[in-house]
Amino acid sequence: MTTVEQARGAAPVTTEQERLHRKRELAAAFRIFGRFGFSEGVAGHITARDPEHPDRFWVNPFGMNFSLIKVSDLICVDHEGTVVSGDRPVNRAAFCIHSQVHLARPDAVAAAHAHSVHGKALSSLGVRLDPITQDACAFFEDHSRYDEYRGVVNDIEEGKRIGAALGPNKAVILANHGLLTVGQSVAEAAWWFVTMERSCQAQLLAMAAGTPRHIDRETALQVRSQTGTPRAGQFHFRPLRDHVLVTDPDLFG
Ligand SMILES: [Zn+2]
């Protein structure tokens, strides 16, 4: 067995193993977000639903740099915003948004949100992600917009509206704010965030240079069926995770 396979561990079978698996994926996702430059001060959060208590989720502690987060730093928050595991505080916005997104989407094991530059820029334009590249097709007719920016999210009513705007999709563009993605696994939600941010960058570049050609609807839907599934999202995340498992040996501390 290789170092990576040992670090990844065997397929989880018990609740405790599944919890550890989700926490490991979560810590790896933060390292990856840090590497991609998705942090902006204290903004941004990725959550993983607890396998035993579905109304609780694991999340990064408020004010901790993504690139320094270890498994033991993660905190667990209940449906009232109380930290039930860990001794660090939770970001109020993280609780207000993610508690309501997880409530609205029982299928979502994970949700990711950060103030990445190109997602922020695209969110200000009142447009969606267009099917102008193969990668962008993963989001074709599978993302929505939330157009009512009302300031820093500090109440659960705003989280409810974001959850409603997300609908059944894998992502929502929060106007004048940034991107939010969900998945049936941490790996999937994190991958959608990475590739959505990069697809926003590609669209902004293409729009600045000319008039991008759209892929036709039938082809875009066909590509989405190949690259936009939960399984595909999870698989795309694997090379990124395998890399940080080697470069960041303190990750599981
Ligand atoms: Zn935010």
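The values are calculated or read from the model by the stated rules, or taken from the named source; none is laboratory data. What you see is a predicted model; the values in this text were computed from it and never measured. Note: ideal-geometry Cβ built from the backbone for every residue, glycine included; neighbour counts use all protein chains shown. Heads up: the accessible areas ignore ligands, DNA and RNA and are worked out on the full protein's heavy atoms, side chains in. Shrake-Rupley method; radii C 1.70, N 1.55, O 1.52, S 1.80 Å.
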Exercise for the section: At 7 Å along the Cα-to-beta-carbon direction for both Arg145 and Thr219, put a label point, then send me their distance in nm to one decimal. Expected result: 2.5 nm
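Leaving ligands, DNA and RNA out of it, rank Met64, Met196, Met207 by accessible area with a 1.4 Å probe, largest first. Numbers along the way, then the final one.
Working: Met64 35, Met196 0, Met207 80 Å².
Most to least solvent-accessible, the answer reads Met207, Met64, Met196.
Roughly what % antiparallel, to the nearest 5, for the DSSP beta bridges in the stretch 124-232? Working shown, then result.
Values: 4 of 8 bridges.
Of all bridge pairs located within the stretch 124-232, approximately 50 percent are antiparallel.
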Problem - Rg(Cα) / (2.2 N^0.38 Å) computed for the stretch 63-165, rounded to two decimals - result: 1.22
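Provide the gained length on full extension for the span Arg238 to His79, in nm with one decimal, where the gain is 0.36 nm per separating residue minus the Cα-Cα distance. Write down the numbers at each step before the final one.
Working: separation 159, 0.36 × 159 = 57.24 nm, distance 3.06 nm.
Gain on stretching Arg238 to His79: 54.2 nm.
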Fill in the blank from the handout: For Lys23, the lysines lying under 24 Å Cα to Cα, once residues fewer than eight places off in the same chain are dropped, come out as Lys70, Lys170
Practice task
Using θ = phi - 60° and the Karplus relation 6.51 cos²θ - 1.76 cosθ + 1.60, list the HN-Hα couplings for the stretch 150-159 in order, rounded to whole Hz, with x at every Gly or Pro.
Solution key: 10, x, 4, 6, 9, 9, 6, 4, 5, x
Practice task
Evaluate the distance, in nm, between pseudo-label points positioned 7 Å from the Cα of Arg92 and of Arg128 along their respective Cα→Cβ axes.
Solution key: 3.4 nm
Problem - Evaluated at q = 0.09, 0.13, 0.19, 0.22 Å⁻¹: base-10 log I(q)/I(0), Debye formula over Cα of the stretch 1-128 - result: -0.27, -0.55, -1.09, -1.34
Fill in the blank from the handout: In nm, the gap between the two label points placed 7 Å beyond Cα toward Cβ at Val42 and Leu68 is 1.4 nm
Practice task
Please build a GNM for the chain, connecting alpha carbons under 10 Å apart, and tell me which residue among Gly63, Gly178, Gly228 fluctuates the most.
Solution key: Gly63
Fill in the blank from the handout: The set of residues whose placed amide H lies less than 5 Å from the amide H of Asn91, leaving out same-chain residues fewer than 5 positions away, is Phe62
Practice task
Kindly provide the helix-only [θ] at 222 nm of the chain, computed as the sum of -39,500 (n - 2.57) over DSSP H runs of four or more divided by all residues, to the nearest 500 deg cm²/dmol?
Solution key: -14000 deg cm²/dmol
Handout entry: Accessible area of the chain divided out per residue, in Å², using a probe of 1.4 angstrom
Key = 46 Å²
Exercise for the section: Using only Cα atoms, tell me the angle between helix 15-35 and the longest principal axis of the chain; keep it within 0 to 90° and round to the nearest 10. Expected result: 50 degrees
Practice task
Please work out how much length the chain gains when fully extended from Val117 to Asn154, using 0.36 nm per residue of separation minus the C-alpha to C-alpha distance, in nm with one decimal.
Solution key: 11.1 nm
Fill in the blank from the handout: Quarter of the surface of the C-alpha convex hull for the stretch 100-253, i.e. direction-averaged projected area in nm², equals 10.1 nm²
